[in-house]
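Peer 1: Handing you this structure, nothing more for now.
The values are calculated or read from the model by the stated rules, or taken from the named source; none is laboratory data. Just so it is clear, the model here is predicted, and its values are computed rather than measured. Note that we place each Cβ from the backbone using ideal geometry, even for glycine, and neighbour counts take in every protein chain shown.
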Amino acid sequence: MEQRKRKSGILLHISSLPSRFGIGRLGREAYEFVDLLQKSETACWQILPLSPTSYGDSPYQSFSVYAGNPYFIDFTLLEELGLLEHEDYAAMLWQRSPDTVDYELLYRSNITVLRRAYTKFKEKPVRGYAAFLKANKHWLPDYALFMALKDEHDGAPWYEWEQPLAMREPKAIREAEDRLKDEIGLYCFIQFMFSRQWLALKRYANAHQVEIIGDMPIYVAYDSADVWVSPELFDLDKDKRPVEVAGCPPDPFAPTGQLWGNPLYDWNYHKQTGFAWWIARLKHAASLYDTVRIDHFRGFESYYAIPYGAPDAVKGRWRKGPGKALFLTAKKELGDLHIIAEDLGFITPAVHKMLDALQYPGMKVLQFGFSDADNEHLPHNFATPHCVCYTGTHDNETLRGWLESADKKTIRFAKQYLRCKRSQIPDAIVSACWASTAELAVAQMQDFLHEDKSGRMNTPSVLGGNWLYRTQRSDYTTDLIKAIRRLNRTYGRAVPQPEKPVRTARPRRKDPTPATETETMEEV
């Protein structure tokens with residue numbers, strides 16, 4: 001049997017990169033983070049979904065499964081194309097605190113700057129735009145119209161629009177396309193610029209021996225172009241209202257369960273079409289990422305359905321999903337896909353059987369492991385190296401935050417298992433992750449930076465206060481690189497470096513930055 005290569009990765013979303021413009025973007029700081037990964041001999045950069053965020057700011061609740069987040073578009077790169085002047089964006093208020101994303105400011109200011117760029121773009125088109133429109137014609141015109149209509153309706157969800165538009169009556173759609181032609185062009189332009197910047201960053205990463213691990217939510221938002229345009233894909237009634245919605249049943253951590261509210265799929269329809277929509281979605285994801293982590297993978301075997309309008313997730317039922325058939329069809333159509341199955345939660349023998357048949361690596365999370373010696377998330381219980389070991393996911397506490405909140409029994413067992421003092425537990429968990437037999441070991445950047453609970457990215461089932469975490473340029477020091485590289489080399493996860501440095505262009509910096517911050521990043 002062929003032995004798989006041991007690798008490591010760091011989980012940090014684009015939004016958490018340093019930036020003077022309110023949120024992490026696809027410019028110089030993103031390229032510098034790739035440089036950090038290469039110098040620390042780390043193989044993988046894991047991010048969260050690149051989708052536009054909607055109400056609640058979650059990348060897992062998006063207006064489209066295809067679109068990219070306009071907040072990530074880097075203004076300095078648009079300036080290099082001649083589409084912006086520095087004064088078009090530099091003097092605007094983008095943040096009230098450098099370590100927190102302010103989505104309210106972004107919502108107001110980001111689209112203003114992109115409109116200015118679009119005005120110049122119409123006078124000076126950028127090469128490749130026509131080809132981009134042609135390649136994305138299966139989703140982009142509908143999405144652009146959807147966003148233009150949302151703007152016209154002050155952001156209201158599509159199911160609150162007037163009936164002819166909500167139900168997509170042909171006459172109403174034709175009139176809207178004519179009336180909103182310029183706004184539709186704006187949203188097509190935005191997606192072109194996002195795609196151009198993202199794919200350039202990915203090429204840079206791959207050239208520097210860094211693989212991108214992306215994230216695909218299993219469900220889509222009710223208020224999305226996907227549901228508005230293609231209601232036949234979902235379990236909806238004649239008025240396009242969900243019959244049942246997604247969530248998780250009650251457990252000791254959530255006594256009333258988790259009510260996500262996403263519409264469920266009409267799997268019979270998907271089977272009849274040969275899973276065409278899913279195959280197109282997987283093909284798109286494979287073009288964005290080197291590996292795709294699919295969230296809530298167990299939902300393909302069976303999923304929890306909650307009556308639409310229920311106040312919580314107590315009264316739900318389990319329903320059968322498509323099982324392995326979807327992915328066997330995708331393999332036939334697309335070839336071998338690099339997929340990580342998020343197999344956390346209530347996992348039945350049927351789910352294990354499906355995963356075994358597909359041979360996708362599942363996940364182990366060390367934060368879940370310190371209950372007793374039989375816990376499946378502890379390294380000595382890993383049944384196979386064909387898995388991904390995480391210190392914690394974006395839904396977990398940072399390791400310092402976890403240490404502060406865990407009960408005495410858990411901490412006592414962690415000290416015994418890791419053979420260390422209480423204060424050493426966070427670093428010892430990272431080392432145990434890297435020392436494990438798992439092919440891939442991943443930690444949040446927060447845990448390398450020893451962030452406390454304030455560095456947590458998301459608290460599930462809590463609305464507000466999530467997706468805000470940001471790093472600073474001063475965080476990325478030479479000592480940090482050396483520590484990560486030492487860890488990789490110690491546990492056989494280091495990426496061998498090429499004899500000759502890779503010569504790949506990266507964005508120039510046009511916006512002045514304080515010298516001390518520049519020096520910190522350039523030393524790295």
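Peer 1: Is it the case that some residue within segment 75-95 is surrounded by fewer than 17 Cβ atoms within 10 Å (Cβ to Cβ), in a helix (DSSP H, G or I) and without any contact (Cβ under 8 Å) to a residue 40 or more places away in the chain? Working first, answer last.
Peer 2: Narrowing segment 75-95 to residues surrounded by fewer than 17 Cβ atoms within 10 Å (Cβ to Cβ): 80-82, 85-87, 91-93.
Subset that is in a helix (DSSP H, G or I): 80, 86-87.
If we keep only those that are without any contact (Cβ under 8 Å) to a residue 40 or more places away in the chain as well, we get 87.
For segment 75-95, residues surrounded by fewer than 17 Cβ atoms within 10 Å (Cβ to Cβ), in a helix (DSSP H, G or I) and without any contact (Cβ under 8 Å) to a residue 40 or more places away in the chain: present.
Peer 1: Something else about it: Would you please list the contacts, defined by Cβ atoms under 6 Å and residues six or more apart or on different chains, that run from a residue in segment 164-184 that is over 20 Å from Pro231 (Cα atoms) to a residue that is in a helix (DSSP H, G or I) and at pLDDT 95 or above?
Peer 2: Leu180/Ala148; Glu183/Ala148; Ile184/Ala144; Ile184/Leu145; Ile184/Ala148
Peer 1: Still on this structure, I have one more. Within segment 332-372, work out how many residues are more than 24 Å from Pro252 (Cα to Cα), modelled with pLDDT under 95 and of a type in the set (Ser, Thr, Tyr).
Peer 2: 0
Peer 1: Which residues, taken from segment 329-368, are part of a helix (DSSP H, G or I) and either free of Cβ contacts under 8 Å to residues at least 12 places away in the same chain or aromatic (Phe, Trp, Tyr) (or both)?
Peer 2: Filtering segment 329-368 down to residues part of a helix (DSSP H, G or I) leaves 329-334, 349-358, 366-368.
Listed by number, the residues that qualify are Lys331, Lys332, Pro349, His352, Lys353, Asp356, Phe368.
Peer 1: Check off (1) of a type in the set (Asp, Glu); (2) on the phi < 0 side of the Ramachandran plot; (3) without any contact (Cβ under 8 Å) to a residue 24 or more places away in the chain for Asp154 and give me the number that stays unchecked.
Peer 2: (2)
Peer 1: So which of Leu83, Leu93 is of a type in the set (A, V, I, L, M), touching a Phe, Trp or Tyr at 6+ places or on another chain (Cβ under 7 Å) and under 28 Å from Lys120 (Cα atoms)?
Peer 2: Values: Leu93 fails: touching a Phe, Trp or Tyr at 6+ places or on another chain (Cβ under 7 Å).
Exactly one of Leu83, Leu93 is of a type in the set (A, V, I, L, M), touching a Phe, Trp or Tyr at 6+ places or on another chain (Cβ under 7 Å) and under 28 Å from Lys120 (Cα atoms), namely Leu83.
Peer 1: Of all the residues that make up segment 223-267, how many are surrounded by fewer than 19 Cβ atoms within 10 Å (Cβ to Cβ) and part of a loop (DSSP other than H, G, I, E, B)?
Peer 2: So the answer is 14.
Peer 1: Quick one: would you say Asp427 is outside any loop (DSSP other than H, G, I, E, B), more than 14 Å from Leu12 (Cβ to Cβ) and modelled with pLDDT of 95 or more? Show your work before the answer.
Peer 2: Working: outside any loop (DSSP other than H, G, I, E, B): yes; more than 14 Å from Leu12 (Cβ to Cβ): yes; modelled with pLDDT of 95 or more: yes.
Criteria met by Asp427.
To keep it simple, each residue is scored yes or no on (1) modelled with pLDDT under 95; (2) more than 27 Å from the chain's Cα centre (by Cα); (3) in a helix (DSSP H, G or I).
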{"site": "Ala172", "(1), (2), (3)": "no, yes, yes"}
{"site": "Cys188", "(1), (2), (3)": "no, no, yes"}
{"site": "Phe192", "(1), (2), (3)": "no, no, yes"}
{"site": "Ser195", "(1), (2), (3)": "no, no, yes"}
{"site": "Leu199", "(1), (2), (3)": "no, no, yes"}
{"site": "Ile218", "(1), (2), (3)": "no, no, no"}
{"site": "Ala221", "(1), (2), (3)": "no, no, no"}
